[in-house]
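Participant: Got a structure for you, written out below as structure tokens; questions coming shortly.
Laboratory data are not the source of any read-out in this text; all were calculated from the coordinates shown. Remember, predicted model here, so these are calculated numbers, not experimental data. A quick note on method: Cβ atoms are made from the backbone with ideal geometry, for glycine too, and the neighbour counts reach across all protein chains shown.
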Amino acid sequence: MKKYINDYIKEIESKDKMNKEEIEELLIKIKFFSHERLIHLLVTMFFALFTILFLYFSINSSNFLFMIITFILLIVLGFYIFHYFFLENSVQYLYKLYDKMNKKIK
């Protein structure tokens, strides 16, 4: 997904002007990326909830298995947070590109 978004942003940035059809395509892509962002937000929140739950279990019990699972969940949660912020920043940048291209067309 990162490569796809970065390639699409480079493609949009390379254009000086866009016609109406390209602006509409940009809006559709922004909707797709926003949907992807929402899904990743939900997954990130799900992993955060389970991480907190397993952290609670590992603190209240001396079971080593809970500590291992908590550690794995923390690593995965870190990657999800990093990816979510990438999606968030990319979509916001696409909003700015849309405004910029929309001004040029008018």
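Participant: Output yes when any residue across region 34-51 is loosely packed, with under 15 Cβ neighbours inside 10 Å, closer than 23 Å to K15 by Cβ and without any contact (Cβ under 8 Å) to a residue 40 or more places away in the chain, and no when none is.
Facilitator: no
Participant: When you check Y84 against the structure, is it among the hydroxyl-bearing types (S, T, Y), free of Cβ contacts under 8 Å to residues at least 60 places away in the same chain and in contact with a His (Cβ under 7 Å, 6 or more places away or on another chain), yes or no? Outline the logic, then answer.
Facilitator: On the way: among the hydroxyl-bearing types (S, T, Y): yes; free of Cβ contacts under 8 Å to residues at least 60 places away in the same chain: yes; in contact with a His (Cβ under 7 Å, 6 or more places away or on another chain): yes.
When the stated conditions are applied, Y84 passes them.
Participant: Note down all Cβ pairs under 7 Å where the first residue falls in region 66-78 and is under 13 Å from F46 (Cα atoms), the second is assigned to a helix (DSSP H, G or I) and not hydroxyl-bearing (S, T, Y), and they're at least six residues apart or on different chains.
Facilitator: Close Cβ pairs satisfying both conditions: L73/F47; L73/F50; L73/F54; V76/F47; L77/F47; L77/A48.
Participant: I would also like to ask the following. Within region 19-56, which residues are closer than 17 Å to Y4 by Cα and either in contact with a Leu (Cβ under 8 Å, 6 or more places away or on another chain) or basic (K, R) (or both)?
Facilitator: L26, K29, I30, K31, F33, E36, R37, H40
Participant: Additional query: Which condition number does I28 fail, the rest of (1) part of a helix (DSSP H, G or I); (2) surrounded by 11 or more Cβ atoms within 10 Å (Cβ to Cβ); (3) not charged (D, E, K, R) being met?
Facilitator: Every listed condition holds for I28 apart from (2).
Participant: Specify which of the listed residues (K96, K17) is of a type in the set (K, R) and touching a residue at least 40 places away in the same chain (Cβ under 8 Å).
Facilitator: Numbers: K96 fails: touching a residue at least 40 places away in the same chain (Cβ under 8 Å).
Criteria check complete, one pass: K17.
Participant: Just to verify a result, which residue in region 52-71, among those that are surrounded by 12 or more Cβ atoms within 10 Å (Cβ to Cβ) and among the polar types (S, T, N, Q), is nearest to K103 (Cα to Cα)? Lay out the reasoning, then the answer.
Facilitator: Of all residues in region 52-71, those surrounded by 12 or more Cβ atoms within 10 Å (Cβ to Cβ) come to 52-58, 66-71.
Next, from what is left, pick out any that are among the polar types (S, T, N, Q): 58, 70.
On the way: S58: 55, T70: 49 Å.
This residue is T70.
Participant: Then there is this: Restricting the search to region 11-22, which residues are more than 22 Å from the chain's Cα centre (by Cα) and either surrounded by 12 or more Cβ atoms within 10 Å (Cβ to Cβ) or assigned to a helix (DSSP H, G or I) (or both)? Steps first, please.
Facilitator: Step one: of region 11-22, the residues more than 22 Å from the chain's Cα centre (by Cα) are 14-22.
S14, K15, M18, K20, E21, E22 - these are the residues of region 11-22 that are more than 22 Å from the chain's Cα centre (by Cα) and either surrounded by 12 or more Cβ atoms within 10 Å (Cβ to Cβ) or assigned to a helix (DSSP H, G or I) (or both).
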